[in-house]
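Below: one structure, written as structure tokens.
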Amino acid sequence: MVSKVLFFIFSLVFCYVFSQHYSIHYYENEYYRQFNISNDSAWNYIRGYPAKENKRSKNKNCQLNKIVFGWHPYWCNGLEVNYDWSLISDLSYFCYAVDPSTGNPTTTNNWATANVVTQALANGVRVNLCVTLFSNHSTFFNSSTAQQTLISNLINLVQSRGAHGVNIDFEGVPSSLKTQYMNFLINLCNQFHSAIPGSQVSIALPAVDWSSVYDIPLIKDYIDLFIIMGYDYYYSGSSQAGPTSPLYSLTSSYNYNVCRSINYYLNAGVPKHKLVLGLPYYGYDWPTTSNSVPSNTTGSGSSRTYKAIRNNSSGYYTNSNKNFNTNSYVPYYVYNDGSSWRQCWADDAYSLGKKMELVWKRGIAGIGIWALGYDDGYPDLWNKIEEKLTTCFTQACVDTIFDMGGPAWNYYDNENYWYTISPQNASTVSLTFNSFDVEANSDTLWLFDGPSLSSPLLGAFTGTNNPGVITTTQPHLTLKFKSNASTTRPGWMAIWQCNIDNVPPVTSVTTIGEWKTQDFVATFTDSDNNQVEKAFYQVLDYDGQYWGANSKRGFFGDNFDILQPHWQIYNGSWTVSNGQLIQNDTTLANTNIYAYLNQTLSNRYLYHFVAKVTSGGTNRRFGFHFFSDNANLPN
């Protein structure tokens, strides 16, 4: 009976607060603060579910090379058990709610004891406390005492947990308070950086600065990170259904999108290394007048997390109802619930991945996430971060690129960016332009044969001088575009194709004479249709008992004719039979046989081995360790 009452309250509250246009941060905080819960585990009851293990298989070799700034709202307490800490650089605990008359908190939502903060710090993640002020701004900014109280409180709270800084989420500040707001931010930064050396002060920027309240040139040297809330372009109260976070614009009449927001803030003066793009792990579901796109709404929308859509408990978020809007590059669902048409616009892993690609295309610092835990139980978005924002970055063999206006609209004024296309396993890259139209002699696209702007220039193109088909001589193609401050055009659409070398190299070894009874010279000749980057060789010698390689030269080889003396048994029952090394004691959980080899002659090594695992027992596994200085330690 209680769960039904809670669901009913949820529906009423969301219908009420969504009548105003604040960010999703405000709406969800307004709903969840009513529960006044101090126990992390109690949130499982309110959410209706505990954390669900995502069972993701992660690559430990992938290291973040971009910022991943995740907001963790207090109502997600308990879900941190599924966070991949190796793929989070910064965690922002939401939130310290400011009392505008005093600067003291109306609540800190258990910042002092929150387990997620403990876990983040233990995993080497930078942690900050998110500070919110959504109303009564004049009361706060007209009181120097309230401002100083807030700053002092924040410094003490961050120090008390050994954290790293604060994230300022002040929303709806009117333009009349711009000067006071900017002065407060500068004062906050100066005191924080003085009291806690190396601390971080970040701010949440609106996707569109409607009131022009941010004086970026004034604060850019004080603020450490500027995080665009790259969502709520279409929100609960929108008169038209559309994407929460459009990569490009849905319609020409409402030309606001993620690409434009990034361009705006870069031109406003935010340094690239400080600009972060916040991404939504949620969308909105509206009642609409029809199933067409665009379609007007007939009521307020309700938020849907990534998890809720994937769980599909309503049965409406099926593949048969799913569509992809090519104008905005965001998927959506269209269905009839029996009383009206409805549309749910929400990013999936593919569309979020495209916005992650935009991060490296524009050379900005990284992404933000609203909110961590909203994908609970699903590995898709962690996998996408690993794919796009780490040292394991991969690009498809075939893909389509557009200018920053996307497939349907013009690019923007004052764009200046470059990026490199390097598909996996490519030998060369071809780029075929299906269309090309930029402002003649003012806006220009340059193409380079290689991984940087210092690579050989393949051509500079302006006007309607379509590049046609461009092919590199190596597996990289670099693109640079610059537009001026006036007159934009439709831009371009092009398809890249990686060209893979499937012709194997050929090696021949020649000597003088056949049988050798003393030292001799062998000539190795390597040839390939493209080029040989690295050559490896291995020489085996038969000493009358077994074939082996010269370990004094860093080689190792074993045909397992016998169990050679260089092997040392640490644990297990090891034998050799029919050219195979065998361990047949299945009662042991961690058997070990090892051999020492010193290798100091190169920066690259080739290891090749064949393994066979067979047993009727349960301990059927094996591992191969190299570059280990002590083979007797446990795994």
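The values are calculated or read from the model by the stated rules, or taken from the named source; none is laboratory data. This structure is a prediction, so every number in the text was calculated from the model and none was measured. Here Cβ is always computed from backbone atoms with ideal geometry, including for glycine, and neighbour counts include all displayed protein chains. What goes into the accessible areas is simple: the full protein's heavy atoms, side chains included, and nothing from ligands, DNA or RNA. Shrake-Rupley method; radii C 1.70, N 1.55, O 1.52, S 1.80 Å.
Brief remarks follow.
- Looking across the stretch 418-457, the residues that are farther than 19 Å from residue 266 by Cβ, out of contact with any Asp or Glu (no Cβ under 9 Å at 6 or more places or on another chain) and touching a residue at least 60 places away in the same chain (Cβ under 8 Å) come down to 424, 429, 430, 431, 432, 433, 434.
- The residues listed here are 466, 410, 484, 414; of these, the one that is of a type outside the set (D, E, K, R), open to solvent by 20 Å² or more (accessible area, probe 1.4 Å) and in contact with a Phe, Trp or Tyr (Cβ under 6 Å, 6 or more places away or on another chain) is 466.
- Residue identified as surrounded by 15 or more Cβ atoms within 10 Å (Cβ to Cβ), out of contact with any Leu (no Cβ under 9 Å at 6 or more places or on another chain) and touching a residue at least 24 places away in the same chain (Cβ under 8 Å) among 153, 136: 153
- Residue that is at pLDDT below 85 and either among the small types (Gly, Ala, Ser) or in contact with a helix residue (DSSP H, G or I) (Cβ under 6 Å, 6 or more places away or on another chain) (or both), where the choices are 554, 450, 459: 554
- Given (1) open to solvent by 50 Å² or more (accessible area, probe 1.4 Å); (2) part of a helix (DSSP H, G or I); (3) over 15 Å from residue 133 (Cβ atoms), number of the condition residue 180 does not satisfy: (3)
- Residue match in the stretch 487-504 (condition: open to solvent by 70 Å² or more (accessible area, probe 1.4 Å) and more than 45 Å from the chain's Cα centre (by Cα)): no
- Check on residue 46, surrounded by 17 or more Cβ atoms within 10 Å (Cβ to Cβ), touching a Phe, Trp or Tyr at 6+ places or on another chain (Cβ under 7 Å) and more than 21 Å from residue 128 (Cβ to Cβ): no
- Of the residues examined, residue 614 is one that is open to solvent by 60 Å² or more (accessible area, probe 1.4 Å), modelled with pLDDT under 80 and in a loop (DSSP other than H, G, I, E, B).
- Of the strands (runs of 3 or more DSSP E) contained entirely in the stretch 360-475, those carrying at least 3 residues that are not hydroxyl-bearing (Ser, Thr, Tyr) fall at 366-370, 398-402, 416-421, 428-437, 444-448, 457-461.
- Annotation: residue 460 fulfils all but one of (1) open to solvent by 60 Å² or more (accessible area, probe 1.4 Å); (2) closer than 24 Å to residue 360 by Cα; (3) free of Cβ contacts under 8 Å to residues at least 24 places away in the same chain; the unmet one is (1).
- Of residues in the stretch 79-123 being part of a strand (DSSP E or B) and open to solvent by 10 Å² or more (accessible area, probe 1.4 Å), the one farthest from residue 37 (Cα to Cα): 98
- The residue pairs whose first member lies in the stretch 395-417 and is at pLDDT 95 or above, whose second member is open to solvent by 20 Å² or more (accessible area, probe 1.4 Å) and among the small types (Gly, Ala, Ser), and whose beta carbons are closer than 6 Å, counting only pairs six or more residues apart or on different chains, are 413/485; 414/485.
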